[in-house]
1. What about Phe213, is it under 29 Å from Ala367 (Cα atoms) and surrounded by 15 or more Cβ atoms within 10 Å (Cβ to Cβ)?
2. Mind listing whichever residues of segment 475-496 are within 16 Å of ligand 2 (Cβ to nearest atom) and either farther than 26 Å from Leu410 by Cβ or not in a loop (DSSP other than H, G, I, E, B) (or both)?
3. Looking only at segment 340-362, filter to residues that are outside any strand (DSSP E or B) and away from ligand 1 (no atom under 13 Å from the Cβ); which one of those is least open to solvent (accessible area, probe 1.4 Å)?
4. Tell me whether segment 402-423 contains one or more residues that are within 16 Å of ligand 3 (Cβ to nearest atom) and open to solvent by less than 20 Å² (accessible area, probe 1.4 Å).
5. Just to be sure I understand, how many residues within segment 56-101 are open to solvent by 60 Å² or more (accessible area, probe 1.4 Å), in a helix (DSSP H, G or I) and charged (D, E, K, R)?
6. Determine if segment 122-141 includes at least one residue that is open to solvent by 100 Å² or more (accessible area, probe 1.4 Å) and without any contact (Cβ under 8 Å) to a residue 40 or more places away in the chain.
7. Take Arg224 and tell me if it is modelled with pLDDT under 95 and either open to solvent by 70 Å² or more (accessible area, probe 1.4 Å) or of a type in the set (Ser, Thr, Tyr) (or both).
8. Which condition breaks for Ile442 when tested against (1) aliphatic (A, V, I, L, M); (2) part of a helix (DSSP H, G or I); (3) open to solvent by 10 Å² or more (accessible area, probe 1.4 Å)?
Amino acid sequence: MSAQTTAIELFGQDPSLFTGDLLACLVAEGSSRPAGPGPGINRLLARVRETGDFKGEKDQVFLLYPELTAVAAAQPLPARRVLFVGLGKADGPANGLRERLRLAGGVVAKQAGTVKAREALVLLPRDYPLDAGEIAECVGEGLLLGNYRFDRYKQPKDDDPPGRVERFFLHRSGLAAAKVRKGLELGRILAEATCAARDMANQPGNGWTPADFAEYARQLGQKRFLRCTILDKAALRQLGMGGILGVNQGSAQPPFLVILEYRRNTKNPTILLAGKGLTFDSGGISAKAPAGMEDMKYDMCGGAAVLAAMRAIAEIGLPDVNVVALVPATENLSGSAALKPGDVIRHYGGKTSEIINTDAEGRLILADALAYGIATYQPQAVIDVATLTGAVIIGLGHHYTGLLGNDDRLAEQLIAAGDRAAEPLWRLPLGPEYRKQIDSRIADIKNAGSDRSGGTIVGACYLQEFVGQTPWAHLDIAGTAWGFTEKSYIPKGPSGIGVRTLVDCLRRWRPIQSVDENH
Ligand code: BES
Ligand code: MN
Ligand code: ZN
């Protein structure tokens, strides 16, 4: 390949006579020196600065199309700015079309944020090959998810407007009004629930404790169709939940098992959700390395997803399923009473477990919740959501949630829901070959294998010990709960993943029989 060379020539004329593709003007921030010799350019720059959108900050750009502006000048729009956002080709599978609308909504929110717009009007696309309700749902979702900010711990600066849109307006562009209204309402509920999960996760470990999980659920319990029960330490002792209590031993914060029930009709099947509510994971005595340990405040994202999903379910008012959510909540710290490697605990239901690694604590608290939830509510199916293993990040990176389970139809329903929500799932195997890795010499099982091989699968094998024959699916969100695929409507921190997938799955629930009748 020959080397490409690019010519650089000096331009000796007045820059305002330049007729080429792009006239770029390099302007230093805060500089009042003229940008170039032409008076036209200087006048233009002065007006651009007046908009407040361009100060000359490092890497900041402001692209103008003088010819197009002249066309509009005959009948100028009163809007301060006009933004065109691309949707790509209007073809391909519906899930891809849905996602493009969300992304475009996110782009609008992002742009609005950069120019500090307080109000924005969005025109829905005409002739887009989706149902009007879905168009409104996805655009609305993208707008609200993209507009999310967490600024609770930042002092407001007087001269700095929030950088968040206060009001979005949507123009239906001739689409059926009733459908648009309904779709928009659904999109709003889903986006707000997702943002609620992000809020819980963004809270630091000292701002979101197990007691805060309990308080949040208690508040939700006042909503129609919802009922909240909180099991405190004394109740956990009485029930013999040695997993939650064991993990909690090294912490000064009391543990809770938070229960939220959504009940519409006693004839409906009950679906059990369980979410890991580990409000901070230091690893305990098997301590984690310091680098990045602050991210372990996010170890409660499964619990957040499950409670946020309950909020959305109640607001939508799902008619055909009852749903029970369980969130075992505790910290994993190394206080002097902490669980030690070699200790043996006894789970709810009696199964004993030898602790090999106190950092494999998620499975310990979920085991109690799963066993208790199945014994108490006899659910038709169980779905747990947890930041369970670092290994899932090695296997799938940050773009797919790991899915494991004992029932093909449940797995299929979840994969379809994840595809519709653009929260993709990838199924991993389970089996006796892996289960061997948690055989213990002295207890029924042990909480970690002797090497790291198949870590995500081994973690799921542990949970499987507590679900019996109930159709069960496990979502390992360690890679996607934060740092999820970068998108216009997904922030860098917590993504709120799982909320929209769970709600979509439950909205379209197709009854399944138990594993026995499966063959
Ligand atoms: N919360 C972690 C898993 C995790 C790691 C989530 C990194 C997100 C990012 C979990 O409690 C844990 O520590 N798992 C151990 C299990 C091991 C000791 C068997 C792990 O993955 O290393
Ligand atoms: Mn851990
Ligand atoms: Zn953990």
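1. When the stated conditions are applied, Phe213 passes them.
2. Asp476, Trp482
3. His347
4. Checking segment 402-423: at least one residue is within 16 Å of ligand 3 (Cβ to nearest atom) and open to solvent by less than 20 Å² (accessible area, probe 1.4 Å).
5. The total comes to 2.
6. yes
7. Here the answer is yes, as Arg224 does meet what is asked.
8. (2)
The values are calculated or read from the model by the stated rules, or taken from the named source; none is laboratory data. Keep in mind that this is a model prediction, so the values were computed, not measured. Cβ coordinates were reconstructed from backbone atoms using ideal geometry, including for glycine residues, and neighbour counts include every protein chain displayed. Surface accessibility is based on the protein's heavy atoms, side chains included, excluding ligands, DNA and RNA. Shrake-Rupley method; radii C 1.70, N 1.55, O 1.52, S 1.80 Å.
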